[in-house]
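The values are calculated or read from the model by the stated rules, or taken from the named source; none is laboratory data. Since we're looking at a predicted model, the values are computed, not measured. Virtual Cβ from ideal backbone geometry, glycine too; neighbours counted across all protein chains shown.
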Amino acid sequence: MLDIFHKWYKRYLFEEESVLLLVLLTIGVVLLMTIGDILAPVLASIVLAYLMQGLASRLQRYGLPQFLGVSIAYLVFIGAFFGISLGLLPLAWRQMISLIGELPRMLEQGRQFLSVLPAQYPDYVTAEQLNQITAVAQKELAGLGQNVLSRTVSSIPDLFMVMVYMILIPVLVFFFLKDREEILDWLGGFLPSERPLLRRIWGEMNMQFANYARGKVVEVVIVGGVSYFAFAWMGLNYAALIGLLVGLSVIIPYIGAIIVTLPVVLVSFFQWGFASEFYWLMVVYLVIQGLDGNVLVPLLFSEAVNLHPVAIIMAVLFFGSIWGLWGVFFAIPLATLIKAIINAWPTAETRQLVSEVDVIS
């Protein structure tokens, strides 16, 4: 057993940088698993600052001074942050509470719609089965209402923490943007001066993270905004809530669009039934989904993520179960990071091959 471990160690951990990378990954995972909740505002600020740094860098390429580019990017962030926090989220929350209050009426409407099935298909559906299904649904709705009410009351003490986050995150984002170079130089001081493995992995992941994270944010804003305005223009109830769900659904590849279709269909059906408005809204919704998948995604994600769909779904399930929404959002970049580390990790065979090539050249 010791001989097997020794051979494995000599093959994969024969370099100082390999050991350092393994230590850094272990420390990062342990910190996220143990004090991830405490570091949540810091991690969120790092991600948001990284997203806004792309805008600041683009403004600098257009000839603006660094301070002016960073200032404009930060002002854009402040507007979006407080616009979503104080405008969109409270509106979506009120609509969700209103929708929950409408669920019993929708259930009764659905029961009346299905009440014709026992007469038309007596061999498949009976009135007793329909009553049992209705009773179970009513019980679940009562539990859902109590759960929402209890969560609302229990979350009152957390309002102070939310207010702290709303102050802390903008401050952290400002300093991460303003002092980005100083912070990176300080962190780099703890690493070896010669670190080709880390540089190669960081170079690949920086491109992947930038392309994916910023592209996803733009996709969420466009799809969610277009859906909201389209639903509101057509008179759909709870347009802000449904539009927000449609926008967030693009974060989850393959699954999100399927999941969010259900509330879109149900809300529109219980509002209009099988009227022309229902069919027109379905057409508009399918057009939005089609344009997103066939036009918007290819434009935003110019650098394709070379991962198998099974790997993407597994990454979404795994990281989502660990870190919630953040894990779902960064599931694909994290899976790409793991793939980049595996591909770039030096082994004794690759180092010997590189040495032979250097000797020949």
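Note on region 316-330: residues that are modelled with pLDDT under 75 and either over 17 Å from M33 (Cβ atoms) or part of a helix (DSSP H, G or I) (or both) amount to 8. Taking G235, is it of a type outside the set (F, W, Y), touching a helix residue (DSSP H, G or I) at 6+ places or on another chain (Cβ under 9 Å) and surrounded by fewer than 17 Cβ atoms within 10 Å (Cβ to Cβ)? Judged against the criteria, G235 is a match. Looking at R111, R61, R94, R105, just one residue is of a type in the set (D, E, K, R), surrounded by fewer than 16 Cβ atoms within 10 Å (Cβ to Cβ) and under 30 Å from V164 (Cβ atoms), and that residue is R94.
Among the residues of this structure, V162 counts as one that is loosely packed, with under 14 Cβ neighbours inside 10 Å, within 24 Å of the chain's Cα centre (by Cα) and modelled with pLDDT of 70 or more.
Every residue, every condition in (1) touching a helix residue (DSSP H, G or I) at 6+ places or on another chain (Cβ under 6 Å); (2) closer than 25 Å to V246 by Cα; (3) assigned to a helix (DSSP H, G or I), yes or no:
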site: L51; (1), (2), (3): yes, yes, yes
site: G63; (1), (2), (3): no, no, no
site: L68; (1), (2), (3): no, no, yes
site: F77; (1), (2), (3): yes, yes, yes
